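Readers should treat all values here as calculations from the given coordinates under stated rules, not as data from a laboratory. Keep in mind that what you see is a predicted model, and the values were worked out from it rather than measured. When we count neighbours, we look across all protein chains shown, and the Cβ atoms used for this are built from the backbone with ideal geometry, even at glycine.
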Amino acid sequence: MPVWHLRDFHDDDLDQAIQLWDQGRHADLSLPVFPVSDVVAAARGGQPAVVALVGEELVGMAVARAEGERGWIMIVALSGAWRNRGLGSALITQVEQRLRAKGVRRFSAVLTPGSTGTAALENSGYRQVSGLVYYEKLEHPDAGDAGLLAQLGGRVMPHGLWERLAGMHAAKDAIERRIVLPLTEPELAESYGVRPPKAVILFGPPGTGKTTFAKAVASRLGWPFVELFPSRLAADADGALAASLREVFADLADLSSVLLFIDEVEEIAAARSGTAVDPGHGVTNELLKLIPAFRDHDDRLLICATNSLRTLDSAFLRPGRFDYIIPVGPPDAVAREAIWRRYLGPSAQRVDIDRLVSASEMFTPADIEYAARKGSQQAFENEITHRTGLPAGTDDFLAAIAATRPTLTAQALETFNEDIERHVRT
Ligand SMILES: Nc1ncnc2c1ncn2[C@@H]1O[C@H](COP(=O)(O)OP(=O)(O)O)[C@@H](O)[C@H]1O
Ligand SMILES: [Mg+2]
């Protein structure tokens, strides 16, 4: 007659159970496939969990988990004095019964060789399957943020966005040295007294790549990218805009790392007019208040983008809130060439790139993308009509350039250069 008594696990057994698993772990020197937290969660969550008691003492335990027709035996733990006495098999028989009641037809266990429970499994009719290799991948610690991230519309940017950003040497260099490096080499930066940036402004005419830069920085850092759309903040009631901005920042505080991007920040941070009824006023103040708290956390970066620096509230631009104010200007010839090559694809070999580059002065990357697409499309349509067999050529793209109105006007460029004079902080 066995001298032990078997029964279902109760929450009160937890302390003794954990002691028992700890002993087992030291004895086996094994890495448990199912960590203690999983075993406890299963045992408390109504999965089969059976303990063996001798008097008051807990001397054995087995926990399993049913998943459809398959049941996993997660752990078989025995105290030292009770090994090789049939207790393991008795526990396994009990959890199997409970698994069967849940519809399980196939019983599985993954153990390290020689660990507690292997003899009991073999005695209970389990067959060792050879030729399998156990694979495991540990998720990045940020994985716990996944739910919150999804709720905030955030995502992790793919690798390589930075490398795909063609040309734009001046902006790229400034952003690399001032923003990316201090954040990717924090210890080295600190040893030189360099404080990693917490908030920066990118400004420049539309389509020059501010959004692209912000995403590329997130890709470099491996931080999730969350974009805040001013237009999507609730604005139904008085003060609701400010409250919903506060809410977004509160949610962000729970993420372990984040790059927050606010495009067209002038929509929330426009100069306060000073009149009593100023709908933007409350929210501008709110953003001004939220930035210092945001700056207190490590591993976060705020990037604000704007086309019109001069409409931003002056308090916003005062030192202390933003570490850097960096211009992202129209691409120079080198940059334009790289951008043309990117968008021409195979046609790049057959065209006179230099002519396209000089014909597209004042074009932003976005304009070049548009002209390249337009030229290819037109050449394709001509081919459908005329069937000449000729690929898209220089003339197709020059025609497309002529038909593209550049985003940058002389006026916009002048404004941009004035803003650089007055505000740049790098
Ligand atoms: N340096 C670049 N190289 C290649 N494409 C670029 C570059 N900068 C911008 N683009 C492309 O131009 C378009 C507009 O860029 P975007 O970042 O949205 O500009 P902005 O935010 O300044 O208005 C996007 O399709 C982007 O992929
Ligand atoms: Mg943009």
List nothing, just return the count: lysine pairs in the chain, 8 or more apart or interchain, with Cα separation under 21 Å.
6
Positive-end residue, the stretch 333-407 charge dipole about Cα centroid, Cβ charges, pick of GLY345, THR407, ALA392:
GLY345
If you wrap a convex hull around the Cα atoms of the stretch 333-407, how much volume per residue is inside, in Å³?
73
Checked against the positive end of the charge dipole of the chain (+1 on Cβ of Lys and Arg, -1 on Cβ of Asp and Glu, about the Cα centre), the farthest of PRO330, LEU149, ALA17 is ALA17
May I ask you to compute the full-extension gain from ARG318 to GLN378, defined as 0.36 nm times their residue separation minus their alpha-carbon distance, rounded to one decimal in nm?
16.7 nm
Expressed to two decimals, the chain has a Cα Rg over Rh, using the Kirkwood radius, of 1.18
Given the chain, what percent of its DSSP beta bridges are antiparallel, to the nearest 5?
50
Fully extended contour minus Cα-Cα distance, from ASP11 to ALA81, at 0.36 nm per residue
22.8 nm
Roughly what would the spin-label model give for ARG105 and LYS289, points 7 Å off Cα along C-beta, in nm?
6.3
Percent relative contact order of the stretch 333-407, based on C-alpha pairs within less than 8 angstrom and at least six residues apart?
38
The chain: relative contact order from alpha carbon pairs under 8 Å, six or more residues apart, as a whole percent, is 13
Name the shape class, rounded, prolate or oblate, that the alpha-carbon gyration tensor gives for the stretch 105-250, where a ≥ b ≥ c are the square roots of its eigenvalues, rounded holds for a/c under 1.5, and otherwise prolate holds if a/b is larger than b/c and oblate otherwise.
prolate
Residues ASP22 and GLU247, FRET efficiency given R0 of 45 Å [Cβ-Cβ distance, rounded to 0.05]
0.55
Treating only Lys and Arg (+1) and Asp and Glu (-1) as charged, each at its beta carbon, one finds that the chain has a dipole about its Cα centre, in Debye to the nearest 20, of 960
Is the shape of the stretch 38-132 best called rounded, prolate or oblate, per the rule: a/c under 1.5 gives rounded, else a/b larger than b/c gives prolate, else oblate, with a ≥ b ≥ c the square roots of the Cα gyration tensor eigenvalues?
oblate
Would you mind putting 367-376, 76-85, 309-318, 407-416 in packing order, based on average other-beta-carbon counts within 10 Å, highest first?
367-376, 76-85, 309-318, 407-416
Mean separation of Cα contacts under 8 Å, 6 or more apart, over the residue count of the stretch 5-123: relative contact order %
26
